[in-house]
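The values are calculated or read from the model by the stated rules, or taken from the named source; none is laboratory data. Computed from a predicted structure; not experimentally measured. All Cβ positions, even for glycine, are placed from backbone atoms using ideal geometry, and neighbour counts span all protein chains on display.
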Amino acid sequence: MLNQQHSFFLEQAVYFAFFGLLEHLLTLFLAFDDFNPSKDDFNKFIFKSWSKKYKRIFSMPDDKMATTFYDHFIEIARKHRNPHAHGMITGEGRSVFFSLEGTGLLSAYFSESPIPESLAWLEGNGGRFEIIDNFFAELKKHPFYKVPMQIIEGGLDIDFSTRGRAEYAQLIESDDASDYVEYENDLADRHSNMDW
């Protein structure tokens, strides 16, 4: 039971980390997209849910890869992350509350299985984790998001200025940002290295 509980905590950590990373990635992708500061409200975008950000960034349903992963992420969020993030309050009406003296109301739900549904991956092959991993692999090959991924993974600050966005558009057109990333990192290293 202790191993199952430990695995469950690790699984939840993966989901929380993934959706947090996804939201940050989608926000950074905005600089590479058709973002227009005079029309688009960046602050409002930041506070949108991950699913609304996702729909804004990817051309769905035209982008089949993005649409397929979106459907997977919705299922993961609804069945495995959200209930635990929100105190086991589920949309299926299975939640009940009981009062614990000195604590308040605690949420619980009924399950027909001795292993909670969210632990079912322990019996399977880790398919949900593989989906998450495949998503990042596909982004690195994506016709549009390959270059943004190179720049983001290269550790560069993302420039939302007009000049920065124009530079990104040229890099996306060239289909490779590896020389740009190397140059920018080398430049940053030279500016921070006081030995030269």
_Could you check the stretch 46-66 and list, in sequence order, the residues that are free of Cβ contacts under 8 Å to residues at least 12 places away in the same chain and either hydrophobic (A, V, I, L, M, F, W, C) or in a loop (DSSP other than H, G, I, E, B) (or both)?_
F47, K48, S49, S59, M60, P61, D62, D63
*Identify all residues within the stretch 155-174 that are among the acidic types (D, E) and either more than 17 Å from T27 (Cα to Cα) or assigned to a helix (DSSP H, G or I) (or both); write none if there are none.*
E167, E173
_In the stretch 10-33, the residues that are farther than 16 Å from D159 by Cβ and among the charged types (D, E, K, R)_ = E11, E23
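Taking Y180 as the residue in question, decide whether it is surrounded by 16 or more Cβ atoms within 10 Å (Cβ to Cβ) and within 18 Å of the chain's Cα centre (by Cα).
no
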_Residue identified as at pLDDT below 95 and part of a loop (DSSP other than H, G, I, E, B) among S99, S38, S7, S107_ = S38
*Only residues that are in contact (Cβ under 8 Å) with a residue 60 or more places away in the chain and of a type in the set (D, E, K, R): list them for the stretch 137-175, please.*
E138, D159, R165
*Return only the number of the condition from (1) modelled with pLDDT under 95; (2) within 23 Å of the chain's Cα centre (by Cα) that H191 does not satisfy.*
(2)
